[in-house]
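The values are calculated or read from the model by the stated rules, or taken from the named source; none is laboratory data. Just so you know, these numbers come straight off a predicted model, no measurement behind them. Note that each Cβ is placed from the backbone with ideal geometry, even for glycine, and that neighbours are counted across all protein chains shown. For accessibility, only protein heavy atoms count, side chains too; no ligands or nucleic acids. Shrake-Rupley method; radii C 1.70, N 1.55, O 1.52, S 1.80 Å.
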Amino acid sequence: MELPYKLNTKILLLALMGVIMVICSYFMFVYEPISLIIKKLLSLETGTLFFYLWQDPPYKIYINVNIFSVTNQEKFTRGEEKLALQEVGPYCFQEILLNTNVTFHPNGTVSYVPVRSLKFIRERSVGDINIDRVVSPNIPLVGISAMLRDSSMFTNLALTMISNTANSKSFVNVTVHDYLFGYDDLLVKLANTALPTWINFDKFGILDRIMALENASNIVTITSDHVLAKPTNPLYAAEDLKRDFYIQEYNGSPGLRQWGYEDTEGNETCSSNSKCNFIGGGFDGTLFPRDLTLDQGMLLYRRAFCRPVPAVPVREVIMNGYEGVEYAVKKDFLYEPSANPDNACYCKEEGDCLPRGIVSIAPCYYDIPITLSQPHFYNADPSLLEQVTGLLPNRSKHDVNFTLHKQLGLPIQANLRIQVNLDVGETKYNAKTTIFNNLHLPLCWLELQVDEVPLLVNVLITLAFVLAPISAVILKYCLVIFGAAMISCSALLMLSSSEIVAENNLEALPFSRFSLRRSSEYKPIPVSSPQQYLRQNMRRISK
């Protein structure tokens with residue numbers, strides 16, 4: 001009887017394994033554990049794969065700089081021609097980002113300090129920044145004069161005297177490196193010496209000042225879990241609170257103080273606070289929401305922009321094999337408040353607004369009247385183009401567009417383009433600057449570009465959204481098929497073993513001579529009555 005006993009144990013184990021596999025398949029159909037595992041790996045938590053991808057992004061982000069060089073400074077100075085500009089570039093820099101001082105908070109938020117640096121990429125540039133030269137209006141002289149244009153006569157005359165003493169010129173001929181990262185100017189040094197809390201630099205370079213603002217120990221707080229993070233500010237849109245990774249605070253505030261936002265306690269309201277100067281619910285460009293749809297846009301904010309940039313979904317696309325959603329900026333995002341009320345806070349006084357398609361960012365840049373527009377004044381008031389020559393706005397070259405992975409929200413492609421200008425206005429008492437009066441001087445335009453998906457991100461997307469779903473389906477059906485097969489096999493084996501046991505039990509009847517052991521010999525039972533058979537074999541059985 002040992003053989004049937006061992007066989008039944010194995011059959012029971014086989015049946016148990018089959019039942020477990022069927023149950024596992026059921027739970028996979030109901031709860032989708034692979035999706036839960038992928039979600040865990042892609043959560044912004046310490047030690048996850050997604051955390052390391054965010055902390056030290058593998059993306060190659062390029063900043064292409066195109067400079068407007070003046071070609072007719074002498075004729076323009078004499079008043080014979082409009083200012084003629086020639087675009088020089090691109091000069092390419094790789095932006096290297098590292099998110100430092102990362103701290104997770106129990107309310108579902110995470111704070112960090114982004115640190116950015118630039119590396120010149122010669123092979124993607126038209127020339128060498130240390131050799132190529134450009135001719136430009138003297139930005140420190142013209143910029144400071146434009147800033148003081150509404151000041152008293154004595155202030156303007158004093159500035160004129162200082163500029164004459166410093167022998168400042170209307171135009172400068174400098175290398176691209178010095179134009180971008182700063183050149184020696186006595187006026188700037190004097191301002192730095194006299195007013196170090198205002199002018200905290202001794203050289204002025206456009207890219208240098210932009211990066212200085214980006215790296216000014218900015219503390220960014222975003223949501224890592226929107227279920228736990230529940231801000232009470234009434235300016236949040238309801239749909240924003242359902243997404244992860246949106247900005248809750250930037251340097252301790254959900255709004256832009258330079259544009260009039262005032263911090264309040266709890267649910268208090270302030271008349272100066274509006275959607276115009278509120279960046280809560282926006283995204284800083286390092287992380288974007290997931291599961292994107294065509295019915296919801298988003299705000300982008302980097303401190304160098306000085307204001308949020310609204311983006312709207314355009315269409316769903318397949319790009320390089322990825323499912324993505326393409327975005328563009330809203331056409332009216334640089335329009336005057338009468339056309340776009342969301343821009344009301346950028347005009348400090350009624351009638352003080354700039355022409356359509358251009359907006360001031362002076363509060364972020366020492367109150368020097370720096371402005372932003374789209375490159376070549378694309379989508380702007382035509383009068384801006386009439387002030388100078390050499391600008392040719394083109395939608396494909398100068399519009400903003402970027403594409404995000406539909407499920408994961410990671411960038412697939414990006415072309416964020418913005419132009420930096422100088423609003424001169426009416427300067428006074430200085431012939432070196434009055435020649436620029438009432439001009440909106442284009443200085444340069446920048447393109448933040450992502451043109452390829454890193455290998456590690458490619459592997460992550462393929463694993464999470466291609467291999468994992470297919471593997472999950474295959475595993476679910478394999479479990480149910482093999483589990484059912486094991487249960488069926490165990491049932492058949494159990495039935496077969498029960499027949500063997502029945503035969504063995506028949507041989508073990510009291511009148512059988514083989515009740516204790518089985519013989520290899522076959523001996524037929526004689527045809528006789530049971531009583532006669534028992535009398536004949538009684539003596540043998542008793543022994």
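Among the conditions (1) farther than 23 Å from Glu447 by Cβ; (2) assigned to a strand (DSSP E or B); (3) open to solvent by less than 40 Å² (accessible area, probe 1.4 Å), the only one that Phe68 does not satisfy is (1).
The residue that is farthest from Pro442 (Cα to Cα), counting only those in the stretch 151-171 that are part of a loop (DSSP other than H, G, I, E, B) and either free of Cβ contacts under 8 Å to residues at least 12 places away in the same chain or open to solvent by less than 50 Å² (accessible area, probe 1.4 Å) (or both), is Ser152.
Being among the aliphatic types (A, V, I, L, M), open to solvent by less than 20 Å² (accessible area, probe 1.4 Å) and either within 29 Å of Arg257 (Cα to Cα) or at pLDDT below 90 (or both) is the filter here, so list the residues in the stretch 288-299 that pass it. Lay out the reasoning, then the answer.
Taking the stretch 288-299 as the starting set, the residues that turn out to be among the aliphatic types (A, V, I, L, M) are 292, 294, 298-299.
Okay, now just the ones that are also open to solvent by less than 20 Å² (accessible area, probe 1.4 Å), so 292, 298.
Correct list: Met298 only.
In this structure, does Ser125 turn out to be without any contact (Cβ under 8 Å) to a residue 60 or more places away in the chain, of a type outside the set (A, V, I, L, M, F, W, C), buried (at least 18 other Cβ atoms within 10 Å of the Cβ) and at negative phi? It is true that Ser125 is without any contact (Cβ under 8 Å) to a residue 60 or more places away in the chain, of a type outside the set (A, V, I, L, M, F, W, C), buried (at least 18 other Cβ atoms within 10 Å of the Cβ) and at negative phi. In the stretch 352-365, the condition of being out of contact with any Pro (no Cβ under 8 Å at 6 or more places or on another chain) and closer than 23 Å to Ile412 by Cα is met by no residue. For the stretch 4-55, the candidate set comprises residues that are among the hydroxyl-bearing types (Ser, Thr, Tyr), more than 20 Å from Leu467 (Cα to Cα) and modelled with pLDDT under 70; within that set, the residue that is most open to solvent (accessible area, probe 1.4 Å) is Tyr5.
Tallying residues that are part of a loop (DSSP other than H, G, I, E, B) and open to solvent by less than 50 Å² (accessible area, probe 1.4 Å) within the stretch 354-377 yields 9.
When you look at Phe201, is it under 23 Å from Pro363 (Cα atoms), open to solvent by 30 Å² or more (accessible area, probe 1.4 Å) and aromatic (Phe, Trp, Tyr), yes or no? Taking the combined requirement at face value, the residue does not satisfy it. With the condition kept exactly as written, say whether any residue in the stretch 519-536 is of a type in the set (A, V, I, L, M, F, W, C), surrounded by fewer than 14 Cβ atoms within 10 Å (Cβ to Cβ) and either under 30 Å from Gly425 (Cα atoms) or modelled with pLDDT of 70 or more (or both). Checked the stretch 519-536: no residue is of a type in the set (A, V, I, L, M, F, W, C), surrounded by fewer than 14 Cβ atoms within 10 Å (Cβ to Cβ) and either under 30 Å from Gly425 (Cα atoms) or modelled with pLDDT of 70 or more (or both).
When the residues of the stretch 321-333 are filtered to those that are in a loop (DSSP other than H, G, I, E, B) and more than 16 Å from Lys275 (Cβ to Cβ), which remaining residue is nearest to the chain's Cα centre (by Cα)? First the steps, then the outcome.
Start the filter on the stretch 321-333 by keeping residues that are in a loop (DSSP other than H, G, I, E, B), which leaves 321, 330-333.
The next check asks that each one be more than 16 Å from Lys275 (Cβ to Cβ); those that pass are 321, 331.
Numbers: Gly321: 20, Lys331: 22 Å.
This residue is Gly321.
The residue that is nearest to the chain's Cα centre (by Cα), among those in the stretch 82-124 that are acidic (Asp, Glu) and assigned to a strand (DSSP E or B), is Glu95.
Does Ile219 count as closer than 24 Å to Leu118 by Cβ, in contact (Cβ under 8 Å) with a residue 60 or more places away in the chain and open to solvent by 40 Å² or more (accessible area, probe 1.4 Å)? Outline the logic, then answer.
On the way: closer than 24 Å to Leu118 by Cβ: yes; in contact (Cβ under 8 Å) with a residue 60 or more places away in the chain: yes; open to solvent by 40 Å² or more (accessible area, probe 1.4 Å): yes.
Spelling it out, Ile219 is indeed closer than 24 Å to Leu118 by Cβ, in contact (Cβ under 8 Å) with a residue 60 or more places away in the chain and open to solvent by 40 Å² or more (accessible area, probe 1.4 Å).
Does Val480 meet the test of being outside any helix (DSSP H, G or I), β-branched (Val, Ile, Thr), touching a residue at least 12 places away in the same chain (Cβ under 8 Å) and open to solvent by less than 70 Å² (accessible area, probe 1.4 Å)? Give the derivation first.
Values: outside any helix (DSSP H, G or I): no; β-branched (Val, Ile, Thr): yes; touching a residue at least 12 places away in the same chain (Cβ under 8 Å): yes; open to solvent by less than 70 Å² (accessible area, probe 1.4 Å): yes.
No: the conditions fail for Val480.
A single member of Leu186, Leu195, Leu141, Leu190 is under 24 Å from Glu74 (Cβ atoms), open to solvent by 70 Å² or more (accessible area, probe 1.4 Å) and among the aliphatic types (A, V, I, L, M), and it is Leu186. For the stretch 300-320, taking the residues that are farther than 15 Å from Phe278 by Cβ and in a loop (DSSP other than H, G, I, E, B), the one that is modelled with the lowest pLDDT is identified as Asn320.
Residue check: is Gln374 of a type outside the set (Gly, Ala, Ser), within 26 Å of the chain's Cα centre (by Cα) and modelled with pLDDT under 90? When the stated conditions are applied, Gln374 does not pass them.
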